[in-house]
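One structure is given here, and the rest of the page talks about it.
The values are calculated or read from the model by the stated rules, or taken from the named source; none is laboratory data. Fair warning: this is a prediction, and the values are worked out from it, not measured in the lab. Cβ placement follows ideal geometry from the backbone for every residue including glycine, while neighbour counts extend to all protein chains displayed.
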Amino acid sequence: MWRKSAGVLGVVLAVGAVTAKAAPIAYLAQGTIDAVHGSGSPTSFGIGDDFSFQVAFDNNAVDTHASPGAGIFGFDADYTLSLGPATISLTDIVFSLSAVFNSVGSGSVSVGFDASEVSTPLPGFDGFFLRGPSMLLSLAAGGSFDPNVLPVLSLDAPFQPTGLFVVSTCAAESESCSGGYQVRGTLTSIQVVPEPATAALLAGGLVLLASRRRGQLFSV
């Protein structure tokens, strides 16, 4: 009996050890488009449509800004952006996360696309080039956090229950980014979602545990 229990414990520890080493973390942010500004304009989505932004990056990113009141974390990320029915997925895009803490209740976390990254023409976005997206979370009254530690993105304490989401586009691939439009929306939900590999690993571990448990029952 001890050997079987030890075997099951070993499976649990093995699954836990592998998942603990998994560096990527993925977030799914969702909300509603509030405004569209600029000389260009989208035709497939507009004010009132839903948006979603799923981004995955290395949660072992370290602070590269030597200041006790601010942190900057750089990483390559994979993301899927949906504005109404228009959707695009990109990989290995340079993002940065900036965390600023001024005082209790005064601070923010922003996650943004590196403007030096090569623009990408967007099928389904009327041929405009992407120069976004970005998110901004602000501290709630009485909220505080350590800006030198990679924060967990959330609309729960210490942050306010809603956030700002912005997507910018350009009419042409250039640093000036002229002739495009900017989409602004309200973030109403941010949640951690499992990476496919992690989810598959956990599912496999649960199946193995279940099969061993059935073996124990039948062997009694």
Of all residues in segment 121-152 being in a strand (DSSP E or B), free of Cβ contacts under 8 Å to residues at least 60 places away in the same chain and not hydroxyl-bearing (Ser, Thr, Tyr), which is farthest from residue 65 (Cα to Cα)? 121
Can residue 127 be described as closer than 25 Å to residue 54 by Cβ, more than 19 Å from the chain's Cα centre (by Cα), modelled with pLDDT of 75 or more and surrounded by fewer than 17 Cβ atoms within 10 Å (Cβ to Cβ)? yes
What's the total number of residues in segment 41-92 that are farther than 18 Å from residue 154 by Cα, in a strand (DSSP E or B) and polar (S, T, N, Q)? 6
Name the single residue that is surrounded by the fewest Cβ atoms within 10 Å (Cβ to Cβ) among those in segment 1-51 being farther than 17 Å from residue 134 by Cβ, aliphatic (A, V, I, L, M) and at pLDDT 90 or above. 47
Residue list for segment 60-73, restricted to those being under 16 Å from the mean Cα position of the chain (by Cα), surrounded by 15 or more Cβ atoms within 10 Å (Cβ to Cβ) and not aliphatic (A, V, I, L, M): 73
Residues satisfying the stated conditions in segment 153-172, i.e. in a loop (DSSP other than H, G, I, E, B) and at pLDDT 90 or above: 153, 154, 155, 156, 157, 158, 160, 161, 162
Of the conditions (1) in a loop (DSSP other than H, G, I, E, B); (2) surrounded by 16 or more Cβ atoms within 10 Å (Cβ to Cβ); (3) in contact with a Gly (Cβ under 6 Å, 6 or more places away or on another chain), residue 177 fails just one. Which one is it? (3)
Filtered residues of segment 160-183 (kept if more than 16 Å from the chain's Cα centre (by Cα) and not polar (S, T, N, Q)): 161, 170, 171, 172, 173, 175, 177, 179, 180, 181, 183
